[in-house]
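The values are calculated or read from the model by the stated rules, or taken from the named source; none is laboratory data. Remember, it's a predicted structure, so these values are computed and weren't measured experimentally. In this analysis, Cβ positions are derived from the backbone assuming ideal geometry, glycine residues included, and neighbour counts consider all displayed protein chains. SASA here: full protein model, heavy atoms, side chains in, ligands and nucleic acids out. Shrake-Rupley method; radii C 1.70, N 1.55, O 1.52, S 1.80 Å.
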Amino acid sequence: MRIKRVLVASLSLVVSIGPATAGEEGAATPAVGLPLTGQQAVEFLRTAEVVGTPEAFDPVAITSPLRVTLADCQHTLRAVFKDENTLYPDFRFGDGREVKRARDSYKHEIAAFELDLLLGLGIVPPCVERKIDSRTGSLCLWIESSRTEDKRREEGLVPPDPERFINDSREVRLFQQLIADLDYSNIRNLVVDDNFKIYKVDSSMAFYPDPRLIRELDSSHMSRRFLDALRSLEREAVDRQLGPWLTQSELKDLLKRRQRILERADRLIAERGEDEVLY
């Protein structure tokens, strides 16, 4: 398996170029995107054996994430482990914003995945809570054959379907709006695989307890499937799936942002019409 190091958010994430699968000629073909999804990925992350010793891979990362290799009888894959759970009285982001009482927590990573599952979006890598070497934290699956969005731009890689890529980017930003992702301006939080599918990673600074929407994440174009999923989202399901990972204040304001997003969408549709707003 080949491994490529890339930066993700204010942390670093190692993105592997593999594992390889046999092609028609017997040649190795790297996997693209998520090697496992759904319950299969969750069970693998929860139960696969840790192979070797987890390693720190970025001395600059404030959350000290670890690179972990996992194996069961069918797969050998890598994941990122972090156990950060810190409430900062004041936190300064890379774009100069200062935010009071910002919580950087591994639990937000798991909550983002669980919310993604409820909405059926498939844009957040599988992530579970797990204890490794007596430390409890989040363990999130690697995205194979990929690069961060800043690297994609630097390399001048152009999606074969630009309109779809733009719409997918809008959907990810709407998800960031929903989860109040404080690190929204950092495009290294977006990972693009070789098929130009976009993933949202590193949500440890999300779920800020504030019902207001982030102006910089507003868009006049919205995903129809995203809005339909938001309208169908049930409070009981949110409490059940996200309750273990979020505070009551974080849950309450998440639901308030959901309502404000829907109200804004309805207002835009009334003003401009569905064809101008929805895709």
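Of note:
- Per the chain, cysteines lacking a partner by the 4.7 Å Cβ criterion: 73
- When the surface is traced with a 1.4 Å probe over the full set of protein chains, residue 73 keeps roughly 130 Å² accessible.
- The stretch 54-137: relative contact order in percent, alpha carbon pairs under 8 Å with at least 6 residues between: 19 percent
- With Cα atoms, 0 to 90° folded angle of helix 248-272 axis to the chain main axis: 60 degrees
- With the helix formula -39500 (n - 2.57) applied to DSSP H stretches of n ≥ 4, the chain reaches a computed 222 nm mean residue ellipticity of -10500 deg cm²/dmol.
- Per residue, in Å², the accessible surface of the stretch 176-253 once ligands and nucleic acids are set aside, probe 1.4 Å: 42 Å²
- The share of accessible area on the chain that comes from carbon and sulfur is 47 percent, using a 1.4 angstrom probe.
- Using only side-chain charges placed at the Cβ, +1 for Lys and Arg and -1 for Asp and Glu, the dipole size of the stretch 138-279 relative to its Cα centre rounds to 360 debye.
- Applied to the stretch 205-211, the Karplus parametrisation 6.51 cos²θ - 1.76 cosθ + 1.60 on θ = phi - 60° returns per-residue 3J(HN,Hα) values of 9, 8, 6, 5, x, 8, x Hz, with x for Gly and Pro.
- 10 Å Cβ shell holding at most 10 others, DSSP loop, GluC sites (Glu not before Pro): longest site-free stretch of the chain: 26-233
- Seen against the Cα atoms of the chain and their longest principal axis, helix 106-119 is set at about 70 degrees.
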